Amino acid sequence: MVKVAVLGAAGGIGQPLSLLLKANPLVTELALFDIVNTPGVAADLSHINTPAKVTGYIGDEQLGDALKGAHVVVIPAGVPRKPGMTRDDLFNINAGIVKNLATGAAKHCPKAFVAVISNPVNSTVPIVAEVFKQHGVFDPKRIFGVTTLDIVRAATFVSEITGADVASTNVPVIGGHSGATILPILSSLSHSFTDAQRDALVQRIQYGGDEVVKAKNGAGSATLSMAYAGARFVSALLDASVLKKAGVKECTYIKTDVAAADGVEYFSTVVELGVDGVAVAHPLPSFSEHEKKLYAAAIAELKVNIQKGIDFVAKSA
Ligand code: NAI
């Protein structure tokens with residue numbers, strides 16, 4: 001039995017993500033939780049002829065039932081950006097939402113894999129971790145920040161320049177999930193870019209989300225591409241943990257010591273997934289001179305973002 005719970009399932013990301021998860025044959029139960037509209041979304045998805053049994057849960061009093069027995073909990077709950085906002089601007093609203101949902105997960109499914117989509121991911125992952133620590137159930141191998149959209153975007157934007165097949169283009173993107181903390185490792189590719197191409201690509205990968213926020217003109221941020229990326233990440237988790245497939249790798253933001261020497265305890269890195277979550281967190285790659293500068297900028301911002309999440313839980317305890 002493989003139960004996946006989606007928290008924030010009625011939202012712009014939550015609905016298409018739930019659709020894609022309903023289409024995943026490994027999922028046998030799909031629990032949709034939100035503060036609004038989940039009965040309708042669940043009724044709609046439940047008519048699709050795939051194995052997952054779909055149930056809708058609404059309001060805090062039903063959170064426990066949504067979470068009980070979950071193998072994976074995906075969290076896209078919270079408010080998205082409007083033009084002119086950074087992901088950090090979302091902190092004040094989303095931190096409380098994520099803390100509440102993480103408390104539910106720590107109580108009702110402490111062994112589940114938790115995949116956090118709600119922004120700012122650089123801070124919301126430490127929030128989930130601190131809540132799990134408070135409940136004595138923290139396992140750093142099981143809590144993930146979903147940065148897959150950065151990897152998806154990087155492959156798309158890079159292949160537009162190189163002309164290579166997008167499906168086989170793989171660009172590791174490490175660090176964090178906002179602006180300067182997003183560190184694409186273009187030096188790992190065999191293509192050699194001009195400095196101007198490289199700078200434009202880095203800028204576009206770091207701020208690709210802004211293109212969507214601007215184009216949606218106040219109606220939110222990336223939802224469909226994010227749903228695709230979120231479903232890809234959950235699918236990787238299931239391939240590794242349910243099918244026990246070897247060699248499943250994704251970049252994801254986790255508690256790790258890969259950048260501990262530079263003073264950060266959370267970092268997105270290439271992770272090999274296994275039955276218990278993180279099997280191997282790859283060390284930092286070798287950086288080009290340009291990437292060394294990007295890394296330093298990423299570290300400086302990450303430190304602030306991580307501390308903000310930790311402090312939030314400590315203050316609201
Ligand atoms: P949305 O506003 O369309 O949907 C959010 C949903 O969360 C709504 O259905 C709302 O009712 C629900 N919600 C609010 N409070 C809740 C609570 N306490 N419990 C359960 N559900 C609750 O927003 P959208 O576009 O789906 O974005 C959701 C989050 O994902 C935002 O924080 C956004 O910044 C983030 N995001 C993350 C990305 C990533 O790459 N990790 C990419 C794009 C967005």
Considering only residues that are within 19 Å of Arg81 (Cα to Cα) and in contact with a helix residue (DSSP H, G or I) (Cβ under 7 Å, 6 or more places away or on another chain), look in the stretch 189-221 and name the one that is surrounded by the fewest Cβ atoms within 10 Å (Cβ to Cβ). Tyr207
Among the residues of the stretch 27-51, write down those that are of a type outside the set (Phe, Trp, Tyr) and surrounded by 19 or more Cβ atoms within 10 Å (Cβ to Cβ). Val27, Leu30, Ala31, Leu32, Asp34, Thr38, Val41, Ala42, Leu45
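Which one of these is among the hydroxyl-bearing types (Ser, Thr, Tyr), surrounded by fewer than 22 Cβ atoms within 10 Å (Cβ to Cβ) and in contact (Cβ under 8 Å) with a residue 12 or more places away in the chain: Thr169, Thr148, Thr181?
On the way: Thr148 fails: surrounded by fewer than 22 Cβ atoms within 10 Å (Cβ to Cβ); Thr181 fails: surrounded by fewer than 22 Cβ atoms within 10 Å (Cβ to Cβ).
Residue meeting the stated conditions: Thr169.
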Exception for Leu243 within (1) part of a helix (DSSP H, G or I); (2) out of contact with any strand residue (DSSP E or B) (no Cβ under 6 Å at 6 or more places or on another chain); (3) away from the ligand (no atom under 12 Å from the Cβ); (4) of a type in the set (A, V, I, L, M) falls at (1)
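So which of Val54, Val98 ends up being buried (at least 22 other Cβ atoms within 10 Å of the Cβ) and within 15 Å of the ligand (Cβ to nearest atom)?
Numbers: Val54 fails: within 15 Å of the ligand (Cβ to nearest atom).
Being buried (at least 22 other Cβ atoms within 10 Å of the Cβ) and within 15 Å of the ligand (Cβ to nearest atom) holds for just one of Val54, Val98, which is Val98.
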Note: among Lys244, Lys214, just one is among the basic types (Lys, Arg) and farther than 19 Å from Leu26 by Cα, namely Lys214
Taking Val116 as the residue in question, decide whether it is in contact with a His (Cβ under 6 Å, 6 or more places away or on another chain) and crowded, with 17+ Cβ neighbours inside 10 Å. no
Output the residue which, of all residues in the stretch 77-94 that are without any contact (Cβ under 8 Å) to a residue 60 or more places away in the chain and in a loop (DSSP other than H, G, I, E, B), is farthest from the ligand (Cβ to nearest atom). Gly84
Could you tell me which of the residues Gly218, Gly209, Gly176, Gly230 is touching a Phe, Trp or Tyr at 6+ places or on another chain (Cβ under 8 Å) and within 16 Å of the ligand (Cβ to nearest atom)? Gly176
Within the stretch 23-32, of all residues that are within 19 Å of the chain's Cα centre (by Cα) and free of Cβ contacts under 8 Å to residues at least 60 places away in the same chain, the one nearest to Ser235 (Cα to Cα) is Leu30
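Computed from the coordinates by the stated procedures, all read-outs in this text should not be read as laboratory data. Just so we're clear, the structure is a prediction, and the values are computed from it rather than from any experiment. Reconstructed Cβ throughout: ideal geometry from the backbone, glycine too, with neighbour counts over all protein chains shown.
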